1. Quick one: count up the residues across region 100-126 that are within 21 Å of residue 151 (Cα to Cα) and part of a helix (DSSP H, G or I).
2. Among the residues of region 5-31, which ones are in a loop (DSSP other than H, G, I, E, B) and surrounded by 13 or more Cβ atoms within 10 Å (Cβ to Cβ)?
3. Test residue 55 against the stated conditions and say whether it is surrounded by 18 or more Cβ atoms within 10 Å (Cβ to Cβ), touching a residue at least 24 places away in the same chain (Cβ under 8 Å) and in contact with a helix residue (DSSP H, G or I) (Cβ under 9 Å, 6 or more places away or on another chain).
4. Within region 96-104, does at least one residue satisfy the condition of being touching a residue at least 40 places away in the same chain (Cβ under 8 Å), closer than 27 Å to residue 170 by Cβ and touching a helix residue (DSSP H, G or I) at 6+ places or on another chain (Cβ under 7 Å)?
5. For region 145-161, state whether one or more residues are surrounded by fewer than 17 Cβ atoms within 10 Å (Cβ to Cβ), touching a strand residue (DSSP E or B) at 6+ places or on another chain (Cβ under 7 Å), in a helix (DSSP H, G or I) and in contact (Cβ under 8 Å) with a residue 12 or more places away in the chain.
6. Could you count how many residues in region 186-210 are touching a helix residue (DSSP H, G or I) at 6+ places or on another chain (Cβ under 7 Å), modelled with pLDDT of 95 or more and surrounded by fewer than 24 Cβ atoms within 10 Å (Cβ to Cβ)?
7. Only residues in region 13-36 that are on the phi > 0 side of the Ramachandran plot and at pLDDT below 95 count as the first member; pair them with residues that are surrounded by 13 or more Cβ atoms within 10 Å (Cβ to Cβ) and part of a helix (DSSP H, G or I), Cβ under 9 angstrom, at least 6 apart or cross-chain, and list the lot.
8. If the requirement is being out of contact with any helix residue (DSSP H, G or I) (no Cβ under 6 Å at 6 or more places or on another chain), surrounded by 23 or more Cβ atoms within 10 Å (Cβ to Cβ) and more than 20 Å from residue 54 (Cα to Cα), which of these qualifies: 69, 131, 92?
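The values are calculated or read from the model by the stated rules, or taken from the named source; none is laboratory data. The shown structure was predicted, so the numbers you read here are calculated from the model rather than taken from an experiment. When we count neighbours, we look across all protein chains shown, and the Cβ atoms used for this are built from the backbone with ideal geometry, even at glycine.
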């Protein structure tokens, strides 16, 4: 059997990974409390350059960690983001919710003339108060979240806005930045994003970075 010379020890892989990314990351513009989230985001995509496009408001790391510590749910826009959350790291056995597969969603989407991701946001309302929202896929979900919040929906503790794509992703994140909701958020300007980043942000809030 062919054998390759590569590092196999998981702890050593993690140690070297964070050692190297710390050496390559310019954290001078990142508040100290936000550094663990920034490092996790870079670790998830291996692109230190994303730090230049990172945007936030309020004290998102404190708001998110506090919400999770008191048992707040994590609401994800897609299964990929939800499945990326490491349940064993959550501090209070927090529920991780993703109503996208709810049987009511297709009819809601048809009635509203929108995507299923946006329609599923209607089902977030009962859990939204004080929750940590992690959007890692659909720009329409972020746009719809902003709409219901501007209409007076319950306010989450934190919005992690990382929708990805060529249509609406950059625009939805810019809308979050400009909305002036007074809700702490973390987002990444431009088209880049994804479920791995949304989940990584949650995981960073759940425990220390190596």
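1. 14
2. 25, 27, 30, 31 - these are the residues of region 5-31 that are in a loop (DSSP other than H, G, I, E, B) and surrounded by 13 or more Cβ atoms within 10 Å (Cβ to Cβ).
3. In short, no.
4. Within region 96-104, none of the residues are touching a residue at least 40 places away in the same chain (Cβ under 8 Å), closer than 27 Å to residue 170 by Cβ and touching a helix residue (DSSP H, G or I) at 6+ places or on another chain (Cβ under 7 Å).
5. no
6. 6
7. Within 9 Å, no pair qualifies.
8. 131
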